[in-house]
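Structure first, commentary second.
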Amino acid sequence: MSELRRAAERVLLGNWTGRSTVPSHSLYPHHWSWDSAFIAIGLRHLSPRRAQVELESLFGAQWQDGRIPHISFSPSVPRDAYFPGPDFWQATTRGGVESSGIVQPPVHALAVWLTHQADEAESIRRGFLARMYPKLVAWHTYLRERRDLGGRGLVAVVHPWESGMDNSPAWDEALARVEPAPLHSFTRRDTDHASDDDRPTDLDYGRYVQLAATYRDHGYDDARTPFTFALEDPCFNALLIASEHALASIAEALSLDPSRHVTAAAELTSALTTLFHDGIFRPRDLRAGQPRAEDEQTTAGEQAAGRLVEVDTVAGLVPLIVPELPQAKELLATARGPKFRLGEVRMVPSYDLTGPAFEPGRYWRGPSWFNTAWLLHRGLVQRGEHQAEELADALRADVLELAGSTGFAEYVEPFTGEARGARDFSWTAALALDLLRPSRP
Amino acid sequence: MKIICQEQLLPGESLQEKWDFAVAAGYEGIELRGKGDLSFRDRLPELRQAKADGVVMPTVCVDMLHFFGAFDADQRADAVAQMKSQLSVIAELGGIGAQTPASYGMFSRRLPPFEPPRDEAGDREVLLDGLRQLGEHAASEGVELFLEPLNRYEDHMVNRLEQAAGLIQEVGLDAVRIGIDSYHMNIEEADPSAAITEFAAYVGHVQLSDSNRLQPGAGHLDWAAFLGALDAVGYDRYLAVECRLSGDPVEAVRSIPAVVRRYV
């Protein structure tokens with residue numbers, strides 16, 4: 001295990017750029033939002049100070065409205081190294097940081113709290129929590145006030161990339177309503193360094209570009225943009241709940257009143273219940289029922305209500321990390337059932353193994369990922385029951401074995417454990433490093 | 001990794017007294033200081049007795065004012081002779097090697113008159129010649145020579161690990177390695193931890209002091225990242241404390257192992 005620890009440390013040292021960590025030098029040469037949070041969770045064991053700086057740097061790209069952009073662009077990387085790059089997004093913060101305009105799941109408060117815990121003396125010396133707390137509050141306020149597009153108290157994502165699970169089959173139906181940007185209008189860079197078979201298709205990529213361009217062309221104004229894609233994602237909202245709980249802990253550590261965060265967590269947990277169906281959480285498509293050109297008009301009632309997407313993905317299992325989740329027992333049964341076979345296949349597949357869209361090697365359409373395994377592990381440990389602990393131990397062992405055997409792959413084939421995507425992937429190394437430590441909820 | 005302390009920092013009259021203090025404070029060895037005029041060799045009776053009494057002395061760090069990279073040919077020749085002798089002595093004591101910079105206090109390109117009397121090619125020739133002689137001698141004694149990069153204000157020739165590694169590659173002797181120093185690296189390396197991982201194969205010895213040359217913990221160096229990098233590359237040799245002390249000197253020396261042990 002010490003060799004695995006050293007190898008993971010070498011990945012994090014190698015991917016460090018001075019102020020932050022790139023997910024992968026080849027594929028992702030900038031600063032990604034939820035990657036950064038997962039990276040800090042492991043980096044805190046190598047250097048608590050670097051983990052703090054990692055998160056502080058990310059929040060250096062925070063917008064006036066509180067949002068944390070999903071990419072903060074490094075000025076030292078060529079402008080065309082990544083698509084869509086800064087010239088596409090055309091978003092610059094008041095501080096002069098070029099960024100994207102969409103967001104990613106809010107794991108940050110949880111990461112801040114865990115980073116603080118890794119070295120409280122260093123955190124207090126640097127004023128880490130006091131500096132981060134108002135920024136985290138602004139971030140959550142943005143999400144809850146500007147992104148509650150369905151009016152149920154849940155946050156909606158307006159682009160598949162905002163879920164972090166870019167090409168999940170859960171987005172297929174909603175994405176099909178989007179007119180793709182013409183293929184000649186952009187040049188993908190993600191396939192320069194990874195196999196085409198592992199990555200999203202060109203047609204999907206054209207739709208991603210169109211959605212982002214529409215948002216951009218409306219000034220990233222959530223009130224003004226005619227979102228054709230708007231879904232309440234269970235993973236995104238579950239992470240917000242976990243982060244509200246973390247914010248309550250942070251507030252207490254700062255001798256502030258934590259009650260607003262406790263209340264927010266309770267409200268969100270209650271609202272999340274509306275996504276539970278058939279033993280799993282499903283995204284609600286707020287635009288379902290709106291007509292495609294070739295479809296018949298649906299009723300106004302359906303349009304207003306939205307509809308749960310009948311596609312089961314790992315995003316629907318992530319709410320297991322929500323403390324005191326009422327549906328935990330049924331959710332665990334689903335995780336162990338034929339769709340995800342927890343304990344029987346490698347880590348946790350990103351999509352229903354029995355589903356029609358299952359592809360074992362393509363990104364979020366089947367492969368198992370290390371961050372979702374880490375989240376489920378955390379959820380299982382929190383349950384504190386014997387059976388859940390056994391599953392947690394087995395999942396932890398699987399994560400560690402795969403991290404080492406794949407050279408810290410971005411994701412793996414769920415039956416064979418074969419490495420896919422980038423290698424020396426930062427969050428894979430970071431989360432392995434975290435799981436090498438004795439677990440604590 | 002084993003934490004050791006330079007002898008002049010330890011309280012006590014004799015090496016045996018210093019050793020008792022060192023062990024009680026959590027050190028696992030003493031780094032000796034080698035003065036010129038063959039005085040290190042002349043200490044052999046004292047050093048042999050210390051060894052017989054159980055004192056662990058794995059390394060020696062040169063303590064002179066001229067070095068193998070000197071502008072003056074006679075000084076160079078003397079420095080090489082002194083270092084050869086120090087390598088032989090540390091070998092006899094069962095140690096692993098001797099540490100020296102290319103020069104110290106001789107010239108800085110950052111201070112007037114800015115241009116040294118010898119050009120870069122001349123520097124390189126002198127350094128390669130000295131490293132070859134010392135490396136061959138170290139190899140014959142079964143020990144290593146540790147070349148220490150210093151910061152730009154103390155030496156104008158070897159400031160970064162990359163430069164030291166380049167010289168060592170050209171010399172082509174395994175018995176020449178880099179003796180890194182956290183204080184100098186903090187000034188010269190863009191990312192000390194990244195430099196350690198990049199040149200790990202050449203690192204033979206490590207000296208510790210904080211960003212301000214004081215004892216580890218008294219400055220602002222990120223020790224977790226620095227020592228974490230040494231751990232990440234599997235470095236398993238000595239961490240020698242070479243620093244100035246703030247506060248009560250005895251308490252300062254006593255405090256260091258606990259600071260370092262947090263991370264290794």
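The values are calculated or read from the model by the stated rules, or taken from the named source; none is laboratory data. Since this is a predicted model, take the numbers as computed values, not measurements. With ideal geometry, Cβ positions are generated from the backbone for all residues, glycine too; neighbour counts draw on all protein chains shown.
Which helices (runs of 4 or more DSSP H) sit wholly inside the range B:117-205 and have at least 3 residues that are more than 28 Å from A:R50 (Cα to Cα), modelled with pLDDT of 95 or more and within 14 Å of chain A (Cβ to nearest Cβ)?
Filter on the range B:117-205 gives an empty set.
Check the range B:219-237 and report whether any residue there is small (G, A, S) and away from chain A (no Cβ under 14 Å).
No, there is no match, as no residue in the range B:219-237 is small (G, A, S) and away from chain A (no Cβ under 14 Å).
From the list A:L254, A:L175, which residue is of a type in the set (A, V, I, L, M, F, W, C) and over 26 Å from A:T313 (Cβ atoms)?
A:L254
Within the range A:105-127, count every residue that is assigned to a helix (DSSP H, G or I) and within 14 Å of chain B (Cβ to nearest Cβ).
8
Residue-wise test of (1) farther than 18 Å from A:S99 by Cβ; (2) within 14 Å of another protein chain (Cβ to nearest Cβ).
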{"residue": "A:Y28", "(1), (2)": "no, no"}
{"residue": "A:W34", "(1), (2)": "no, no"}
{"residue": "A:A37", "(1), (2)": "no, no"}
{"residue": "A:I41", "(1), (2)": "yes, no"}
{"residue": "A:R50", "(1), (2)": "yes, yes"}
{"residue": "A:F59", "(1), (2)": "no, no"}
{"residue": "A:Q64", "(1), (2)": "no, no"}
{"residue": "A:S72", "(1), (2)": "no, no"}
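Modelled with pLDDT under 95 and either small (G, A, S) or within 24 Å of A:E418 (Cβ to Cβ) (or both) - does that describe any residue in the range A:375-386?
Yes, that holds for at least one residue.
Kindly check whether there is at least one residue in the range B:216-235 that is assigned to a strand (DSSP E or B) and not acidic (D, E).
no
Inside the range B:184-209, can you point out the residues that are of a type in the set (D, E) and touching a helix residue (DSSP H, G or I) at 6+ places or on another chain (Cβ under 7 Å)?
The answer is B:E189, and nothing else.
So which residues in the range A:208-224 are in contact with a Lys or Arg (Cβ under 9 Å, 6 or more places away or on another chain) and in contact (Cβ under 8 Å) with a residue 24 or more places away in the chain?
A:Y220, A:D222, A:A223
Suppose the filter is surrounded by fewer than 19 Cβ atoms within 10 Å (Cβ to Cβ) and at the interface with another protein chain (Cβ under 9 Å from one of its Cβ atoms); does A:E9 pass it?
Spelling it out, it is not the case that A:E9 is surrounded by fewer than 19 Cβ atoms within 10 Å (Cβ to Cβ) and at the interface with another protein chain (Cβ under 9 Å from one of its Cβ atoms).
Residue-wise test of (1) in contact with a Pro (Cβ under 9 Å, 6 or more places away or on another chain); (2) surrounded by fewer than 24 Cβ atoms within 10 Å (Cβ to Cβ); (3) assigned by TED's automatic domain parsing to the domain that holds A:H108.
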site	(1), (2), (3)
A:G153	no, yes, no
A:A181	no, yes, no
A:S185	no, yes, no
A:L203	yes, yes, no
A:G206	yes, yes, no
A:T214	yes, yes, no
A:G219	no, yes, no
A:S243	yes, no, no
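Quick one: in the range A:392-410, of everything that is assigned to a helix (DSSP H, G or I) and touching a Gly at 6+ places or on another chain (Cβ under 6 Å), which residue is surrounded by the most Cβ atoms within 10 Å (Cβ to Cβ)?
It comes out as A:L402.
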